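Participant: The structure is given below, and queries will be raised subsequently.
The values are calculated or read from the model by the stated rules, or taken from the named source; none is laboratory data. Everything quoted here is computed from the prediction, not taken from an experiment. Cβ: placed from backbone, ideal geometry, glycine included. Neighbour counts: every protein chain shown.
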Amino acid sequence: MQTEKLYHIYNHANGSENLFRETENYLYFLRQWDKYISPIAETLAYCLMPNHFHCLVLIKKQEEIEATFGKFETFQKLEYLLSKQFANFFSSYTQAYNKRYNRKGSLFAPNFKKKEITSNDYITKVIAYIHTNPIHHRFTQDLRKWSFTSYSSMLSTNSTKLARTMVLDWFGGKKPFEDFHQAYINTIPGEEMNI
């Protein structure tokens with residue numbers, strides 16, 4: 001991963017297991033995400049579902065990361081830190097989950113997926129894709145009723161750690177944001193976006 005680039009991050013549980021069994025699991029995941037990922041990246045969108053998750057992140061500028069972690073002598077050391085933060089995040093969640101449910105071994109599929117977002121059109125689509133995933137997987141029929149997504153936070157006035165202003169500005173405001181998502185929902189029965 002590189003600084004100042006957007007990445008669609010996603011992963012799922014090993015086999016037929018779930019990543020989340022109860023509400024506290026989702027909340028703990030978000031707390032650990034804030035602890036490990038917020039120092040290196042802005043989160044533009046996320047969606048957590050029982051057996052997988054999706055996030056869109058913008059890796060921060062090198063200067064911002066160095067303000068937290070200190071100066072990097074080489075680019076490789078910075079790249080290593082970015083990967084290490086994600087590894088630490090997955091490890092910390094897995095350890096807590098295993099302890100809570102008296103299980104052993106890896107929880108996540110190995111090597112989380114990351115896809116660099118390289119076009120403006122894809123930014124818009126991936127945000128809608130992430131937010132509408134619970135509809136695609138038939139967990140809900142109403143975006144506002146799935147609690148573990150950034151969709152409602154984008155429309156809220158409550159304080160948030162999400163890059164809400166950046167996302168809403170990208171869409172041109174709340175109304176265009178909602179309209180695009182509604183139009184995207186209408187495409188869900190058709191072909192799924194290639195991720």
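Participant: Would you say Lys99 is under 24 Å from Thr23 (Cβ atoms) and either modelled with pLDDT under 95 or loosely packed, with under 12 Cβ neighbours inside 10 Å (or both)?
Facilitator: yes
Participant: Let me ask something additional. Among the listed residues Phe112, Phe75, Phe108, identify the single one that is modelled with pLDDT of 90 or more, out of contact with any Lys or Arg (no Cβ under 7 Å at 6 or more places or on another chain) and among the hydrophobic types (A, V, I, L, M, F, W, C).
Facilitator: Checking each option against the conditions leaves just Phe108.
Participant: Could you please find all residues in region 1-54 being within 20 Å of Met154 (Cβ to Cβ), in contact with a Ser or Thr (Cβ under 6 Å, 6 or more places away or on another chain) and not aliphatic (A, V, I, L, M)?
Facilitator: Across region 1-54, the qualifying residues are Tyr46, Cys47.
Matching residues to (1) of a type in the set (S, T, N, Q); (2) under 26 Å from Arg138 (Cα atoms); (3) touching a Leu at 6+ places or on another chain (Cβ under 7 Å):
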{"residue": "Glu4", "(1), (2), (3)": "no, no, no"}
{"residue": "Ile37", "(1), (2), (3)": "no, no, no"}
{"residue": "Glu42", "(1), (2), (3)": "no, no, yes"}
{"residue": "Phe69", "(1), (2), (3)": "no, no, yes"}
{"residue": "Gln85", "(1), (2), (3)": "yes, no, no"}
{"residue": "Tyr101", "(1), (2), (3)": "no, no, no"}
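Let's see how each residue does on (1) within 18 Å of the chain's Cα centre (by Cα); (2) assigned to a helix (DSSP H, G or I):
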{"residue": "Lys35", "(1), (2)": "yes, yes"}
{"residue": "Ala45", "(1), (2)": "yes, no"}
{"residue": "Phe72", "(1), (2)": "no, no"}
{"residue": "Tyr80", "(1), (2)": "no, yes"}
{"residue": "Gln85", "(1), (2)": "yes, yes"}
{"residue": "Ser91", "(1), (2)": "yes, yes"}
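Participant: Go through region 47-70 and give me each residue that's over 21 Å from Ile117 (Cα atoms), of a type in the set (A, V, I, L, M, F, W, C) and not in a strand (DSSP E or B).
Facilitator: Residues satisfying the conditions are Ala67, Phe69.
Participant: How many residues does region 129-159 hold that are touching a residue at least 12 places away in the same chain (Cβ under 8 Å) and within 14 Å of Leu48 (Cα to Cα)?
Facilitator: Going through region 129-159 one residue at a time, the tally reaches 17.
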